[in-house]
Amino acid sequence: MHLKIHENYESLSRQAANEIIALMKQKPEAVLCLASGDTPRLAYSLMTKMAKDEKIDFSRCTFIGLDEWMGIPPDNEGSCHYFLRRHIFEPLNISNDRIRLFDALSTDQKGECKKMDKTIIEKEGIDLMVVGIGMNGHIGFNEPGASVEGYSHVVDLDAATRTVGQKYFREHTLLTSGITLGLGHMQEARKVILVANGTKKADIIRKALEEDVTPVVPASLIRKHVNAYVMLDREAGSLLTAK
């Protein structure tokens, strides 16, 4: 694992954007798994601008969804689906046949998980996974105690996730379960980037990077990945003792 503490949010976002662009230049057919959420939003904005300015071709890559709120339709502004379309797929004109997201309305949840796992195997794995970190240390919807070797699955959401998740919705929304890639996918990805910013993430970052590596804090498992990069702003890294 490699750790970089940036002076500010814009600096870490720019590095994350640069990493995605560099991969696309090297491997235009790459398989990308890009998380939704507030933290990576600026990185995606910078990435799409760079792609347009430098005429980087994303038409051959494949986008894999990290997670989704179960029962939330894709046109709901709080859904991960909506976020990715607005901030990545539409700006880059990505065709639907290059996108594989979870169907949160599926009545066959196990089948949906199997389809996603099959897609990743057929694509020979994920080249780059960009993730955030939840206030409870979750990665995707891999909540505390998740299986270290698990793959796609449906999970009952932790109380903290249900509460924090309300910020993505215009009105109070019932959030009980999520569908997500597993920690096994993260560990098998060829490269992982974890981004975090702000004082509110400082304590969980300290736990993930300096306390025991344990599924109780799923993000701590990133320390076992040989090609993982943790990118923080100064506030998120403020409680680390070994800067």
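The values are calculated or read from the model by the stated rules, or taken from the named source; none is laboratory data. Keep in mind the model is a prediction, meaning the values are calculated, not measured. Note that we place each Cβ from the backbone using ideal geometry, even for glycine, and neighbour counts take in every protein chain shown.
Only one residue in Leu194, Leu183, Leu209, Leu174 is under 14 Å from Met70 (Cα atoms) and not polar (S, T, N, Q), so which one is that? Don't jump to the end; show me each part of the working.
Working: Leu194 fails: under 14 Å from Met70 (Cα atoms); Leu183 fails: under 14 Å from Met70 (Cα atoms); Leu209 fails: under 14 Å from Met70 (Cα atoms).
After applying the criteria, what remains is Leu174.
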Candidates Thr241, Thr214, filtered to the one that is part of a loop (DSSP other than H, G, I, E, B) and either surrounded by 15 or more Cβ atoms within 10 Å (Cβ to Cβ) or touching a Leu at 6+ places or on another chain (Cβ under 9 Å) (or both):
Thr214
Kindly evaluate Ala208 against the criterion of being in contact with a strand residue (DSSP E or B) (Cβ under 7 Å, 6 or more places away or on another chain) and more than 14 Å from Val148 (Cβ to Cβ).
no
So, in region 64-112, of the ones that are surrounded by fewer than 18 Cβ atoms within 10 Å (Cβ to Cβ) and among the aliphatic types (A, V, I, L, M), which residue ends up nearest to Gly125 (Cα to Cα)?
Ile99
So, of the residues in region 124-144 that are of a type in the set (A, V, I, L, M, F, W, C) and assigned to a strand (DSSP E or B), which turns out to be surrounded by the fewest Cβ atoms within 10 Å (Cβ to Cβ)?
Leu128
Going by what's in this entry, would Ser147 be described as part of a loop (DSSP other than H, G, I, E, B), surrounded by fewer than 22 Cβ atoms within 10 Å (Cβ to Cβ) and free of Cβ contacts under 8 Å to residues at least 12 places away in the same chain?
no
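Let me confirm something: among Arg223, Arg170, Arg206, Arg162, which residue is under 28 Å from Phe63 (Cα atoms) and without any contact (Cβ under 8 Å) to a residue 40 or more places away in the chain?
Arg162
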From the option list Ile121, Ile94, single residue qualifying as in contact (Cβ under 8 Å) with a residue 24 or more places away in the chain, among the aliphatic types (A, V, I, L, M) and not in a strand (DSSP E or B) is Ile94
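Residue-by-condition table, conditions (1) within 17 Å of Met135 (Cβ to Cβ); (2) within 19 Å of the chain's Cα centre (by Cα):
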{"position": "Val155", "(1), (2)": "yes, yes"}
{"position": "Glu171", "(1), (2)": "no, no"}
{"position": "Ile205", "(1), (2)": "yes, yes"}
{"position": "Pro218", "(1), (2)": "yes, yes"}
{"position": "Ala228", "(1), (2)": "no, yes"}
Within region 15-51, track down each residue that is of a type in the set (Lys, Arg) and touching a residue at least 24 places away in the same chain (Cβ under 8 Å).
Lys25, Lys27, Arg41
Could you tell me whether region 185-199 includes any residue that is among the β-branched types (Val, Ile, Thr), assigned to a helix (DSSP H, G or I) and at pLDDT 95 or above?
yes
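Please go through region 113-123 and give me each residue that is crowded, with 18+ Cβ neighbours inside 10 Å and either farther than 28 Å from Pro28 by Cβ or at pLDDT below 95 (or both), ordered by number. Step through it out loud before you land on a result.
Filtering region 113-123 for residues crowded, with 18+ Cβ neighbours inside 10 Å gives 113, 116, 120.
Once the filter is applied, which keeps residues that are crowded, with 18+ Cβ neighbours inside 10 Å and either farther than 28 Å from Pro28 by Cβ or at pLDDT below 95 (or both), region 113-123 yields only Cys113.
Can you give me the number of residues within region 191-203 that are within 19 Å of the chain's Cα centre (by Cα), surrounded by fewer than 17 Cβ atoms within 10 Å (Cβ to Cβ) and on the phi < 0 side of the Ramachandran plot? Walk me through how you get there before you give the answer.
Going residue by residue through region 191-203, those that are within 19 Å of the chain's Cα centre (by Cα) are 191-198, 200-202.
From the residues that got through so far, the ones that are surrounded by fewer than 17 Cβ atoms within 10 Å (Cβ to Cβ) too are 198, 200.
Add one more test, that the residue is on the phi < 0 side of the Ramachandran plot, and what stays is 200.
The qualifying residues number 1.
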Step by step: first the residues of region 150-180, then only those that are β-branched (Val, Ile, Thr) and under 26 Å from Gly111 (Cβ atoms), then the one that is surrounded by the fewest Cβ atoms within 10 Å (Cβ to Cβ). Which residue is that?
Thr176
